[in-house]
Amino acid sequence: MRFYGRQVSKWWLFLLLPIAMLGALMLPLLFFAGNNFAGAIIGPPAIWNRPIHAPAQADLVGRYVETKRTWERDENGPKAVLELKSDGTMTVRALPDDRITSLCTLSGSGTWKADGQVINLDFISDGTPGACESASMGGNPQITGRSKPYELYWILGDPDSGTGIWLKRQ
């Protein structure tokens with residue numbers, strides 16, 4: 001076979017074909033892995049804005065109030081409030097929850113537990129109009145900040161979309 005005027009062995013073609021096939025299979029995997037890696041680094045909360053070690057539950061106790069909302073369905077209304085108590089109970093008011101199938105507002109009480117860099121909420125609805133049904137909210141909100149006082153980030157919709165609510169401790 002001639003390549004740019006030079007005689008080239010046909011054996012290179014047999015070696016090039018499997019390499020090209022493996023490359024074509026790996027390209028989507030590399031794309032998805034790179035996308036997830038970029039989301040972990042620059043997506044909210046960014047990797048440099050997360051605690052290095054899991055904070056103690058006592059360090060998270062307090063009243064958190066909404067400071068910033070990045071959401072295309074931004075609605076005017078009361079600011080979201082989440083109060084985490086030292087006995088493991090919590091109260092929540094006006095915290096939107098954007099699920100794939102529905103949009104509702106968390107309003108009620110329940111229990112909470114810190115789990116690494118996230119907080120798991122067991123929510124009991126107070127039954128107000130538009131309130132979410134009672135549910136377990138695992139992995140939401142996320143704990144942000146390197147040291148006390150920590151902040152919380154409530155994810156709305158797709159975790160990679162960058163839409164959510166920042167809650168600051170008062």
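The values are calculated or read from the model by the stated rules, or taken from the named source; none is laboratory data. What you are looking at is a predicted structure, and each value in this text was computed from that prediction instead of being measured. In this analysis, Cβ positions are derived from the backbone assuming ideal geometry, glycine residues included, and neighbour counts consider all displayed protein chains. When the accessible area is computed, the model is the full protein with side chains, heavy atoms only, and any ligands, DNA or RNA have been set aside. Shrake-Rupley method; radii C 1.70, N 1.55, O 1.52, S 1.80 Å.
Computed over the chain with a Gaussian network model linking Cα atoms closer than 10 Å, the most mobile of Arg63, Arg93, Arg73 is Arg73.
Axis angle, to the nearest 10 degrees, between helix 11-42 and the longest C-alpha principal axis of the chain: 20 degrees. What the Cβ-Cβ distance of Asp87 and Ala46 gives, at R0 = 25 Å and to the nearest 0.05, is a FRET efficiency of 0.20.
Here each label is just a point 7 Å from Cα along the line to Cβ, and for Leu27 and Thr70 those points are 3.1 nm apart. Here the Gaussian network model covers the chain, with springs between Cα atoms less than 10 Å apart; of Thr128, Thr101, Thr91, Thr101 fluctuates the most. Subtracting the Cα-Cα distance of Arg6 and Asp158 from 0.36 nm times their residue separation leaves 49.3 nm of extension gain.
For Leu152, the solvent-accessible surface with a 1.4 Å probe is about 0 Å², rounded to the nearest 10. Under the simplified labelling scheme, the Cys104-Arg63 pair shows an inter-label distance of 2.6 nm, with each label point 7 Å from Cα along Cα→Cβ. Taking the 1.4 Å solvent-accessible surface of the chain as the whole, the part contributed by carbon and sulfur is 61%.
What shape does the stretch 87-170 take by its C-alpha gyration tensor, where a ≥ b ≥ c are the square roots of the eigenvalues and a/c under 1.5 counts as rounded, a/b above b/c as prolate, and the rest as oblate? Taking the square roots of the gyration eigenvalues as a ≥ b ≥ c, the stretch 87-170 is oblate.
When the chain is treated as a Gaussian network with alpha carbon springs shorter than 10 Å, the biggest mean-square fluctuation among Phe14, Phe123, Phe31 belongs to Phe14. Rolling a 1.4 Å probe over the protein heavy atoms gives the chain an accessible area of 64 Å² per residue.
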